[in-house]
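Presented below is the structure to which this report refers.
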Amino acid sequence: MNRLLVALLAAFDALVAVGVGLAAALAPLTVLWAVAFDGGADWGALWPAAVRLWQAGNLVPLDLTLPAEYAAATGMGTADIAFPLSLAPLAFAAGAAVFAARSGGRAAGAGAGLTGAAAGTLTVAALAGVAAATAQSPIATVAPWQAILLPALVFGVPALGGALARAWRDGDDGPVDALFVRLDRRGYAAAVTAAGRATGICVAAFVAVGALVLAVAVLARGGDVVALYQASNVDALGAAALTLGQLAYLPTLVVWAASFAAGPGFELGAGSTVAASGTQLGVVPGIPVLAAVPPQTPPALLLVALLFVAAGVLAGLAARRALGAGVSRRPAASAEAAEPVGPRLAALGGTVVASGAAVAILAVVASGAFGPGRLAGFGPEPGPLALAFAVQIGIGAAIALFGPRTSGQHRAAAQADDRARDGGRADEAEDLPRVE
């Protein structure tokens, strides 16, 4: 496909992604304007609020300065009316990242992955700049460079990742193919593929376990969650708005729950710790979903980390299968030759490093400030979480990669050897002179 056409399609993808994100922020505000104010207020004032919400969801820190009248009415000190808000509602970023990865994959399938990723990223940067320039607010301000760069990175990094993954799988007749051939000559191309598959399984398991832990916590402490809803004294519209706000933070809460399961836990305000090994809580904000945080945690909850070890085993099995598929093109004289140690070590190392790095990134984007004072520290610490998760999945992956073969793996290896020998006999037959 023509590169210009690919760039235009990728730019359109970026336009849709930004439009959907802004619409998702503007729609509930419009409903609130129509119901609560009967359409009497200026609708144009909703645009800055929607843009700020979209920017916060795309990791842009906000600097909030509350009016002095509000501080006097609530009894807040003058030092507390100006504070940063950097804890992102990751539902916006998650949706944009998934859309961007698919866009990059489609561009790579058309033979211009890098062009498509670059076009989409530049389009998002331009649209983010326009949105920031047209949404001025004295209450919530942003740094212009962050308002442009961070949404572009939220789109561009997944788009580039999707393009590279598609090019590695299907080929691009370019630098990715050249790297693949070079690694394949040394027997390590299959290790890269295996590590990629295993990393995907590990990251998916991290999210799945976090979602499971969060669901169990909400069900177990559902009465406290309902009590906080009742204590907030909001009407049906306010309860709906509060629920939508919590749903926007759902991916953030999933990362927190996964960090809890892994062991290091997370902070719920400066000086507090919520972890399976022990919980120390201070004053918790009166947000209903935070009532799911247990005031005490029994040591038995440390066993939840075994779920990540099991995920590592599954990832290791998938990596071993990918390695077998990669080496089955050549005939093997023995089981050891069919499964050399070097590629398995490379697959294990790649899985551990990539999974730890991915989880560290998730911890960074799921952390930040949510208010003044002690509310400036929320979320998990990236370093301890990445290390704990890497060790846990590394143990499971090592067991699967270096343990004895199962009967199914033996049959798969034998079938691979048979196919390789049949291919060798076919090649020899082609080399024989034909008899007319």
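Among 187-196, 100-109, 8-17, what's the highest-first ranking by average C-beta atoms within 10 angstrom per residue?
Working: 187-196: 22.1, 100-109: 24.3, 8-17: 20.2.
Highest mean packing first, the order is 100-109, 187-196, 8-17.
Taking the Cα centre of each part, how many Å lie between the stretch 266-303 and the stretch 1-24?
41
With θ set to phi - 60°, apply the Karplus curve 6.51 cos²θ - 1.76 cosθ + 1.60 along the stretch 147-162 and write out the HN-Hα couplings as whole Hz, x wherever there is a Gly or Pro.
Per residue, the Karplus-derived 3J(HN,Hα) values read 5, 9, 6, 5, x, 5, 5, 4, 8, x, 5, x, 5, 5, x, x Hz.
Which distance in Å, rounded to a whole number, links the C-alpha centroids of the stretch 365-396 and the stretch 127-148?
About 28 Å separates the Cα centre of the stretch 365-396 from the one of the stretch 127-148.
Through the Karplus equation 6.51 cos²θ - 1.76 cosθ + 1.60, θ set to phi - 60°, convert the phi angles of the stretch 200-208 into ³J(HN,Hα) values in whole Hz; use x for Gly and Pro.
Result, ordered by residue: x, 5, 5, 5, 4, 5, 4, 5, 5 Hz.
How far apart, in nm, are two points set 7 Å out from the Cα along the Cα-to-Cβ line at A310 and at A240?
About 4.0 nm, to one decimal.
Mind giving me the FRET efficiency for T30 and V284? R0 is 25 Å, r the Cβ-Cβ distance, nearest 0.05 is fine. If you can, show how the numbers build up before the last one.
Details: r = 32 Å, r/R0 = 1.27.
For R0 = 25 Å, the calculated efficiency reads 0.20.
Can you run phi through the Karplus equation (6.51, -1.76, 1.60; θ = phi - 60°) for the stretch 359-376 and list ³J(HN,Hα) in whole Hz, with x for Gly and Pro?
Couplings: 5, 4, 4, 4, 5, 5, 6, 9, 10, x, 9, 10, x, x, x, 6, 7, 7 Hz.
Students often get this wrong: which residues of the stretch 129-146 have the backbone nitrogen under 11 Å from the point 7 angstrom along Cα-to-C-beta of A45?
Under 11 Å, as judged by backbone N against the label point of A45, lies no residue of the stretch 129-146.
With r as the distance between the Cβ atoms of D173 and A300 and R0 = 51 Å, compute the FRET efficiency 1/(1 + (r/R0)^6) and round to 0.05.
Numbers: r = 55 Å, r/R0 = 1.08.
Efficiency at R0 = 51 Å is approximately 0.40.
Shape call for the stretch 238-330 from the C-alpha gyration tensor, a ≥ b ≥ c root eigenvalues: rounded (a/c under 1.5), prolate (a/b greater than b/c) or oblate?
Values: a/c = 4.00, a/b = 1.93, b/c = 2.07.
Oblate, since a/c reaches 1.5 and b/c is not below a/b.
Amide H of A276: which non-local residues (sequence gap of 5 or more, or other chain) have their own amide H closer than 5 Å, using H built in the peptide plane?
G263, G265
Accessible area of F155, 1.4 Å probe, to the nearest 10 Å²?
Spelled out: F155, probe radius 1.4 Å, area about 10 Å².
If each of L66 and L5 carries a label point 7 Å out from its Cα toward its Cβ, how far apart are those two points in nm?
The modelled label-to-label distance comes out at 5.6 nm.
Please give the length that would be gained between S232 and S137 if that part of the chain were fully extended, namely 0.36 nm times their separation in residues minus their C-alpha to C-alpha distance (nm, one decimal). Show your work: numbers first, answer last.
Numbers: separation 95, 0.36 × 95 = 34.20 nm, distance 2.74 nm.
Value of the extension gain: 31.5 nm.
The values are calculated or read from the model by the stated rules, or taken from the named source; none is laboratory data. Keep in mind it's a predicted model, so treat the numbers as computed, not measured. For neighbour counting, all protein chains shown are included, and Cβ atoms are generated from backbone atoms with ideal geometry for every residue, glycine included. Ligands, DNA and RNA are stripped out before the accessible areas are found, and what is left, the full protein with its side chains, is counted by its heavy atoms. Shrake-Rupley method; radii C 1.70, N 1.55, O 1.52, S 1.80 Å.
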